[in-house]
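Have a look at the structure below before the remarks.
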Amino acid sequence: MELIVCVKQVPGTTQVEMDPVTGTLKRDGVSSKMNPYDLFALEAALTLRERCGGHITALTMGPPQAKSILLEAVSMGADSAVLLSDRKLGGADVLATAYALSQAVKGRKWDILFCGKQTTDGDTAQVGAETAEFLGVPHVSNVTAIEDIAEDHVDVRVDLDTHVMVQRLPLPCVLCMDRDVNTPRLPSWKRRRELTEEPIEVLSVADLPDPDPKRYGLNGSPTKVERIFQPEKAAQRQMIYGSAEETAAALTALLAEKKFLQEV
Amino acid sequence: MAYNRVAAEDLAVFRSIVGEDRCLSGDKILPDYGHDELGGIHSMPDVLLRVTSTEEVSSVMKHCYKRNIPVVVRGSGTGLVGASVAVEHGVMLETTAMNKIVELDRDNLTVTVQPGILLMELTEYVQGQGFFYPPDPGEKTATIGGNISTNAGGMRAVKYGVTRDYVRGLTVVMPDGEIMTLGGSVVKNSSGYSLKDLVVGSEGTLAVVTEAVLKLLPLPKYTVSLLVPFPEMDKALAAVPELLRSDVSPVALEYMGQETIRCAEAYLGKKFPDHQHPAYLLMTFDGRDEKTVAVEYDRAAELCLSLGATDVLIVDTEERKSSVWTARGAFLNAIKGSTDLMDECDVVVPKSRIADFFRYVETVSRDTGLRIPSFGHAGDGNLHIYICRDGLAEDVWQEKLSAAFTAMYSEAAKMGGFVSGEHGIGYGKRGYLASQMGEEYVALLRRIKAAFDPKGILNPGKIFEA
């Protein structure tokens, strides 16, 4: 089974400033880490490989320093990594990002492309789906578990808030993993030390099947950010008064209404 | 010693001092005030006073001293040895309403707090100001007053020491109501006996702490933990002295066995990031930047592998720290949730003897037929060993428990260890302290107690028999 996992380098902290002119994150001097959602995707791929064998490639688009998360993915167990890095890719919105990733995948032999369902910096949750569209393959988001795998299809459990669905997708396909569906394994210091050479293939736009610079980066991005701002934090408090029985009943009803409780 | 119970006239006095709504008696006192976190020892106070100031504490103590009424101080009630249980009834002073931060002294690197502030509240406050209060006991909802009374340690003791090392000064109320200041915000102090250090760890038997000046450090900017699996316990624990005498300086160095990890997984309903190995060391490194810390943990990783570690796993992001340390923090409650009742042994042994002691615990478990999960602060020799009742009948349980405790404490003593590393003696461990330390030692403790508290009204029957 050939598995690809898309990963992204995101700021290591939530205290990141925005550039009011470009509407992009000011990443200089800010520590970075692998998008936490992608860790669930990578763990799902690693668990699947344990089940049915195969090869895992971690893929990212980013500046040269994004190599660090690819090495991290390899330290966690990925077999190889691809860095798509080019100045022409800078400033990409979701459409241009998804197109670039689909181009990096095209021409490779692959069965499942894993993504986290969203990133902690952009939060759009669209790149996985759009990549699948560009690749012309089925996709599903909010995946909580891989139920079954066969040579030509995969059955996955999907949580759609109101209901849970088991879907069968023909291979190849794109799976966007939900959060907290597994406990991602930790990167191994030993595995990283034992790497004799960097297992990273670096690609530029010129290496892609479609090298047209108009499709990538700012040029290929129809989304223009008009204004960016911190949302207001809203905290609500509701007091419940009455006897122990009354307050317990009211609290249970409230939690059920907010779907924190459900009948078993 | 004969004490007076709280009478109607006393209640009137207490109401006049703290007000009607903060003076609770009889059925108004919730049953939780009759025990601490471990249970097993139950006794209700006659009156519960929610004090808010040093002056109130002083007025209450003056009255109790005059009337010979016993007084127990209680914070969050998270103790594990019955130290805050009113075994002689009388007055319980609850300090949780005295939870203010009095002053942050940026020049002397100290923070002055009231005793009822919770450890987690203090930590959050000082970190928000760019400072660091290193003592890190597992129970974050404990009050600082409680931490001071047991000289609580926690996981960072390896590098930073224990609560006593961070108490610069105390305001205390003596049993007769006298208000005294012990120590201050100075770094050095050789001015006579260090009474402040005597009060720290005295489990509420010498004086009532109403304010504390705590030492702070600049906040380390970067922290990384390593989770190191080993093929067997012996190899993991043999690595501890090697690590500590090498040129690495871990903040924390914890040992955990697979059984305890499985227990935490079941309790949290969440998998630990790695659980297939029999034994683990978990260590943390901190420093001002990523590079400095990396140099240190690289050395530690190399050393661990040379000492037989199977792998070295990096715990570097908030998510990873949370997945590992949440499980570590849940060990006590996980074990507690796995049985109907448990009692704990908080021995401290020389670091070189930890493996020997764990092995001895296994033989005690075999001999008594009791389930005894354990984990430990490997870096400082303080072990937490939990004896589980698992449905045994009361008489069988008491007999086996006593046999297990006697065996373990006497073995710890032979190794040069002591009854408690950080939880204290309280009520539950008095007998074991007395048998290890001997009559002369306990007599000296009594004379010290008498010098502070001639009538013996403060927390009677704790540490040693009244």
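The values are calculated or read from the model by the stated rules, or taken from the named source; none is laboratory data. Please read these numbers as outputs of a predicted model, since none were measured by experiment. For neighbour counting, all protein chains shown are included, and Cβ atoms are generated from backbone atoms with ideal geometry for every residue, glycine included.
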Taking the conditions exactly as written (within 12 Å of chain B (Cβ to nearest Cβ), within 30 Å of B:Lys221 (Cβ to Cβ) and modelled with pLDDT under 90), does A:Thr24 satisfy them or not? no
Which of the residues that make up the range B:365-389 are in a loop (DSSP other than H, G, I, E, B) and either out of contact with any Ser or Thr (no Cβ under 7 Å at 6 or more places or on another chain) or farther than 20 Å from B:Gly428 by Cα (or both)? B:Gly369, B:Leu370, B:Ala378, B:Gly379, B:Asp380, B:Gly381
Checked the range B:220-271 for anything among the hydrophobic types (A, V, I, L, M, F, W, C), at pLDDT below 90 and over 24 Å from the mean Cα position of the chain (by Cα); matches are B:Val248
Return the residues of the range B:190-213 that are assigned to a strand (DSSP E or B) and buried (at least 23 other Cβ atoms within 10 Å of the Cβ); say none if nothing qualifies. B:Val208, B:Val209, B:Thr210, B:Ala212, B:Val213
Taking the range A:48-67 as the region of interest, how many residues are in a helix (DSSP H, G or I) and either of a type in the set (A, V, I, L, M, F, W, C) or within 11 Å of another protein chain (Cβ to nearest Cβ) (or both)? 3
Can A:Asp155 be described as modelled with pLDDT under 95 and either within 14 Å of chain B (Cβ to nearest Cβ) or surrounded by fewer than 17 Cβ atoms within 10 Å (Cβ to Cβ) (or both)? no
Among A:Leu113, A:Leu169, A:Leu175, A:Leu186, the single one that is modelled with pLDDT of 95 or more and part of a loop (DSSP other than H, G, I, E, B) is A:Leu186
All-but-one check, B:Leu217 against (1) crowded, with 20+ Cβ neighbours inside 10 Å; (2) within 27 Å of the chain's Cα centre (by Cα); (3) more than 9 Å from every other protein chain (Cβ to nearest Cβ), failing number (1)
Considering only the range B:58-76, how many residues are assigned to a loop (DSSP other than H, G, I, E, B) and touching a Gly at 6+ places or on another chain (Cβ under 6 Å)? 3
For the range B:345-355, indicate whether the set of residues that are of a type outside the set (A, V, I, L, M), in contact with a strand residue (DSSP E or B) (Cβ under 9 Å, 6 or more places away or on another chain) and within 14 Å of another protein chain (Cβ to nearest Cβ) is non-empty. no
State all residues of the range B:276-300 that are within 11 Å of another protein chain (Cβ to nearest Cβ) and over 21 Å from B:Gln258 (Cβ atoms); if no residue qualifies, say none. B:Asp289, B:Glu290, B:Ala294, B:Tyr297, B:Asp298, B:Ala300
If I filter the range A:171-213 down to residues being β-branched (Val, Ile, Thr) and away from every other protein chain (no Cβ under 14 Å), which single residue comes out as nearest to A:Gln118 (Cα to Cα)? A:Val174
Check whether at least one residue in the range A:219-235 is surrounded by 10 or more Cβ atoms within 10 Å (Cβ to Cβ) and of a type in the set (Asp, Glu), and report yes or no. no
State which residue pairs qualify: first residue of a type in the set (Asp, Glu) and inside the range B:189-210, second residue in a loop (DSSP other than H, G, I, E, B) in any location, beta carbons under 7 Å apart, and separation of 6 or more residues or different chains. B:Glu203/B:Ala83; B:Glu203/B:Gly424; B:Glu203/B:Ile425; B:Glu203/B:Gly426; B:Glu203/B:Asn459; B:Glu203/B:Lys462; B:Glu203/B:Ile463
So which residues in the range B:243-261 are farther than 17 Å from B:Gly381 by Cβ and either charged (D, E, K, R) or free of Cβ contacts under 8 Å to residues at least 40 places away in the same chain (or both), if there are any at all? B:Asp247, B:Gln258, B:Glu259
Go through B:Leu307, B:Leu303, B:Leu341 for me and flag whichever is within 14 Å of chain A (Cβ to nearest Cβ), aliphatic (A, V, I, L, M), surrounded by fewer than 20 Cβ atoms within 10 Å (Cβ to Cβ) and over 30 Å from B:Pro218 (Cα atoms). B:Leu307
Screening A:Lys67, A:Lys33 for residues that are under 21 Å from A:Ala100 (Cα atoms) and either buried (at least 21 other Cβ atoms within 10 Å of the Cβ) or touching a residue at least 12 places away in the same chain (Cβ under 8 Å) (or both) leaves only A:Lys67
B:Asp46 passes all but one of the listed conditions (1) over 22 Å from B:Gly138 (Cα atoms); (2) touching a Leu at 6+ places or on another chain (Cβ under 9 Å); (3) surrounded by 24 or more Cβ atoms within 10 Å (Cβ to Cβ); the exception is number (3)
Given the conditions (1) exposed (fewer than 14 other Cβ atoms within 10 Å of the Cβ); (2) in contact with a strand residue (DSSP E or B) (Cβ under 9 Å, 6 or more places away or on another chain); (3) touching a residue at least 60 places away in the same chain (Cβ under 8 Å); (4) of a type in the set (A, V, I, L, M, F, W, C), and given that A:Leu208 satisfies all but one, which numbered condition is not satisfied? (1)
Listed by range, helices (runs of 4 or more DSSP H) wholly within the range B:280-364 having at least 3 residues that are free of Cβ contacts under 8 Å to residues at least 60 places away in the same chain are B:290-306, B:318-329
Condition met for B:Arg389 (within 14 Å of chain A (Cβ to nearest Cβ) and buried (at least 20 other Cβ atoms within 10 Å of the Cβ)): no
If I filter the range A:102-113 for residues that are touching a Ser or Thr at 6+ places or on another chain (Cβ under 8 Å), within 29 Å of B:Asp316 (Cα to Cα) and more than 14 Å from chain B (Cβ to nearest Cβ), do I get at least one hit? yes
Within the range B:9-39, restricting to residues that are under 25 Å from B:Thr339 (Cα atoms) and aliphatic (A, V, I, L, M), the one that is surrounded by the most Cβ atoms within 10 Å (Cβ to Cβ) is B:Leu38
In the range A:92-128, what residues are within 11 Å of the chain's Cα centre (by Cα), buried (at least 19 other Cβ atoms within 10 Å of the Cβ) and of a type in the set (A, V, I, L, M)? A:Leu113, A:Val127
Which one of these does B:Arg446 not meet: (1) modelled with pLDDT under 95; (2) surrounded by fewer than 21 Cβ atoms within 10 Å (Cβ to Cβ); (3) charged (D, E, K, R)? (1)
Condition test on A:Thr223, is it hydroxyl-bearing (Ser, Thr, Tyr) and touching a residue at least 40 places away in the same chain (Cβ under 8 Å)? yes
